[in-house]
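What follows is a single structure, written as structure tokens, with notes after it.
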Amino acid sequence: MNLTLAACAAPARRAAAVALAALLLAGCATGPTAEPTEPAPVVATPVALPETPPPAPPAAADNAAAATDAPVASPPPRGRHERRYDTTRNDLWQRVRDGFGMDELDNELVRKWEQWYARDPAYVQRMTARGGRYLFHIVEEVQRRGLPAELALLPFIESAFNPQAMSRAAASGMWQFMPATGQDFELRQNLFRDDRRDVLASTRAALDYLQRLHGLFGDWQLALAAYNWGQGNVARAIERNRRAGLPTHYEALRMPQETREYVPKLQAVKNIVLRPDGFGLQLQPLEDHPYFLSVPIERDIDVGLAAELAGLGLDEFQQLNPQMNKPVILAAGTPQVLLPYDNANRFVRELAAYTGPLASWTAWVAPKTLQPAEAARLIGMSEGELREVNRIPARMLVRAGSTLLVPRDEQSDVDVAEHIADHARLMLAPEGRPLRTVKFKAGRRGDSVAAVARRYRVSRAQVAAWNGVAPQASFKAGQTIVVKLQAAPARTKAVARRKAAPAARQAARPAAGKPRAAAKAAPARRAQADAVVRGPARTAAR
């Protein structure tokens, strides 16, 4: 799509985008908000899939027969998007049931969660309606890898299929990735986007992670416990039982209550999918075909404009594209958007005909550490708008190398470069005292980023950035570690004199209760001091 940007700016759209920036992390809706429009004649493309994952572990081979071949991506769309799916299959829930392959779990905790869901049919209805946007894609990926279909239900218990969910522990997205784990699985988290919320990227990463865990433990229940609690914790729990001569299966391990209930909760959802009528529930009917298409974009474009061209409400657009942190989509970092079929056709048609500016925002990198007011003056925008769009708190400096979201110049036709789109971050420092660099070496047993952060009362992200490592990394014995701390406040000579004066006056007073002894001792001390100053020769000359 060769599109020419108009020379004029879009101040009205930029003003609306300021408000949009505050809404990008809003909670999700329960269903589509826009009616589909009649598609224009354009060329087909199937759902874009992430890169091919590693092969499934041997223990998952029983499910390999249910695997389907991955769709082959077509060239970028130039015309109508055609629906391509097996028309003989029309019930996605039945396809999920047919793919179940995990061992059954039957205990009181399963009963507890079955009753919990059965007591709130409206919640189940909302959750399944919301999941209908994403479930086909997840089932396709699960079966393409030869994995049990129960894994496709995991977002129900992780986030209720809310791709914008954020936990108290900072886990994010419908698969609830922690920041460090997300980085391990190549989910970028920067100023402009958080791939933990990206529908395609997070699904790829979650299935990669689950396959890795199954390869480590050889058991899906243990793999799920590790997904919730951490593989190190599960490994240590298994080792404790092994040493004590106890069983090492899931139900035999000592674990936190949340992890104890994790697999039973998934089993309860599985049982409801198998027999919804048995619990007095109804599942949202889901057809066995894709809900969305992946549509390439070649230029930076405002989020609001993209939704408008697709004929979607902003909320529905964000349900399919929830990874954006700012009111602009950078093509270098997010080269596609997800849209429902008919809206994808409309987007392609409207984008080709659009002659106005696509993006009213761009990125600006601070050349040095600046006051926000100074940065705003250099950029040519108000300080208030700069602070609001970039969420800069009061009494903070913008550090050198920070990336800021700023209005795009009226004459500029240059999109944000890939290295900025992938690595942009905002670094702030408190006004006042500068930072001082402290270097030391890790001990004989090494050290970890987390331990150093606790020791110096800074964040793991800061320690990681100062040392060019990941937040979950460890330092080897003898390795140089760098931390940056606030320098002590400068003391002027006048302040030093004022602080020293009381101590000097106190030292000059005779000791309380012994004035005569002190007075008698003074001449002797002075004579001794004079001897030291004058030296032996002068003393002998006397």
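What follows draws every value from the coordinates through simple rules; no lab data is involved. Just so it is clear, the model here is predicted, and its values are computed rather than measured. Please note: Cβ atoms are built from the backbone with ideal geometry, for glycine as well, and neighbour counts cover all protein chains shown.
Observations, loosely collected:
- A cut-off under 14 angstrom between Cβ atoms defines the neighbours of Leu426, and their net charge, with Lys, Arg +1 and Asp, Glu -1, is +4.
- Pairs exceeding 29 Å between alpha-carbon atoms, taken from Lys368/Lys476; Lys368/Lys439; Lys326/Lys368: Lys368/Lys476.
- Remark: the Asp409-Glu385 segment gains 7.1 nm on full extension, using 0.36 nm per residue and subtracting the alpha carbon distance.
- Diffusion coefficient of region 435-486 by Stokes-Einstein, Kirkwood radius over Cα pairs, 20 °C, 1.002 mPa s: 201 µm²/s.
- Counted charge near Leu222, where neighbours are those whose Cβ lies closer than 15 Å (Asp, Glu -1; Lys, Arg +1): +1
- Region 361-404: trypsin sites (Lys or Arg not before Pro) in DSSP loop, at most 15 other beta carbons within 10 Å: Lys368, Arg391, Arg395
- Formal net charge of residues neighbouring Gln176 (Cβ-Cβ distance under 11 Å; K, R +1; D, E -1): +1
- The stretch between Lys112 and His423 holds 107.5 nm of extra length on full extension. This uses 0.36 nm per residue minus the Cα-Cα distance.
- Here Lys439, Lys270, Lys112 are placed in order of increasing Cβ neighbour count within 10 Å, fewest first, which gives Lys439, Lys112, Lys270.
- Here r is the Cβ-Cβ distance between Ala465 and Arg236 and R0 is 30 Å; the resulting FRET efficiency, rounded to 0.05, is 0.50.
- Taking 0.36 nm per residue of sequence separation and removing the Cα-Cα distance, the Tyr123/Gln486 pair yields an extension gain of 125.7 nm.
- Within region 58-279, the ratio Rg/Rh, alpha carbon atoms throughout and Rh by Kirkwood, equals 0.97.
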